[in-house]
């Protein structure tokens, strides 16, 4: 008994207690031994019956992140007290995971006796609260504690109606329109009378087709600020083009279309392609308070690089929330893409404002996963610039402008969180900022002088998508590609097929998932598992001169042309987006929960039985379609 009392005098905060109290406590202690190494408490799971005072050996305490990696490891030796903070401040659940070393002995004090001491002696109680306060000053510690306590960040999800409600169920506004010859002041009067901020303009011809529109912003910017004579015909200030959408489209599709086309109003068509009304962006967004689209709107309103970076850092939380609610991964992909596109457009417009108007028409295009609208949370920059051909005396000045422009855009995107491409496939690299004629020569060379290395290296350039600039330049390039691909290019498609066959399903002879070592884990690569489906969709799309870039859209178009059966289409589509969902959710957890850089690795041990069976079926689907590629494009294999 004396030994116990002497020991307690060396243990904080028992050293502040009176002698007679220590004597009573010594009688209450239970001796517990841990002969072998074992986890005795799990963070936020194990309910503590009391506190432990280490006498011999020691505890190793830490947090597990989502990949079962140890974080904030601490050694707790003789004289260390564990459990006080958990009992007092975490509803009796262990804040940390605790591993007892072999040969550890502890004194256990029941929580009712521990709490009695806290109530009776302020110094004893404040030792634990002060210690907790000091630890919470450590951002990483505070992060894991809040995570254990179930703290959820801002929820960007509105009702499920966002993804299930069609526009036919939305209250539309009646179309108000007038001929283009109507004076501007008369249109303004009618807008005020109808209490509308949008008035549509029709052709003066008998057809009366809607060809433009005028908004309150049009009147402000072009008439008031521009000092335009209000007696002029309204056609002189009308905005175009008019954007329309089917009433069978979902609400989220309408909002995405508005962001993509930078319009605030959509005309809505019925099954007979007749306009039945129009809807405003404010109307749809006001119905979706706290939706992802409100978030995208906040990105559009950001005024600095710092604010844009902060918005991009919020995307993982939005992604996790959406996936957790069962929103389809393809929709989540679109939202990530819309956010990143909005950020890039803000940067591009800011750089143009800084440098002055471009000296030539141009297109800023995005490539790879961004070009396919399939960005994940582990993304870098893949972009390029095409500018129109100019006379010899202007070439150098034009090229100098766009090289400077590309550098500024890439540097700002990198600062926001879109890291530089390690392979250098960026407009910042002078190799990928060139005239249209130069780009045509690039594609001609890649198609006609194919080799395995070139096809693998430049595949991303066949996933190019217009983002900013003069769309007609992109259209001309696609027309050129269509002409090029019309001829026999067996070698080009042969090497593309070889590229698509590089993936081998990671299954052992006994149908277990084959892994490799990364750090302390055995994993397989989710991105590489998805790549054959991307390659397959690309090779068939190019063969049939389909210039959509999104994998899902390519597969749908190929089904429409009879290249894939309905069954094949659904197998590929479901496989691809099942993998995409796993990949996005895993990356979101790494960023939100673990505060680590996301990757594409997955430990099979973290899979449920259903997930494991689903993955093995997906490997089989991929294998079957690789056989289709062998037969169709690589007959000599």
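The values are calculated or read from the model by the stated rules, or taken from the named source; none is laboratory data. Note that this is a predicted model, so its numbers are computed, not measured. Glycine gets a Cβ as well: all are built from the backbone with ideal geometry, and neighbour counts include every protein chain shown.
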Next item on the list: Spot the failing condition for residue 39; the list is (1) modelled with pLDDT of 90 or more; (2) in a strand (DSSP E or B); (3) more than 22 Å from residue 130 (Cα to Cα), and only one is missed.
Entry: (1)
Note to self: Would you confirm whether or not the range 227-249 contains a residue that is more than 21 Å from residue 179 (Cα to Cα), assigned to a strand (DSSP E or B) and outside the structural domain of residue 415 (by TED's automatic domain parsing)?
What the structure shows: yes
Next item on the list: Search the range 188-210 for residues being in contact with a strand residue (DSSP E or B) (Cβ under 7 Å, 6 or more places away or on another chain) and modelled with pLDDT of 90 or more, and hand back the single one that is nearest to residue 244 (Cα to Cα).
Entry: 210
Margin query: Could you list, ordered by first residue, the pairs with Cβ atoms under 6 Å in which the first is in the range 539-560 and assigned to a loop (DSSP other than H, G, I, E, B) and the second is buried (at least 22 other Cβ atoms within 10 Å of the Cβ), at least 6 apart or interchain?
Written below: 548/554; 549/371; 549/372; 549/463; 550/372; 550/373
Checklist line | Any hit, the range 49-59, residues being out of contact with any helix residue (DSSP H, G or I) (no Cβ under 8 Å at 6 or more places or on another chain) and over 26 Å from residue 102 (Cβ atoms) | finding: no
Notebook entry, point to check: Can you find even one residue in the range 318-330 that is surrounded by 17 or more Cβ atoms within 10 Å (Cβ to Cβ), within 17 Å of the chain's Cα centre (by Cα) and more than 19 Å from residue 252 (Cα to Cα)?
Noted result: no
Next item on the list: Return yes or no: is residue 173 assigned by TED's automatic domain parsing to the domain that holds residue 245, at pLDDT below 90, over 15 Å from residue 255 (Cβ atoms) and surrounded by 14 or more Cβ atoms within 10 Å (Cβ to Cβ)?
Entry: yes
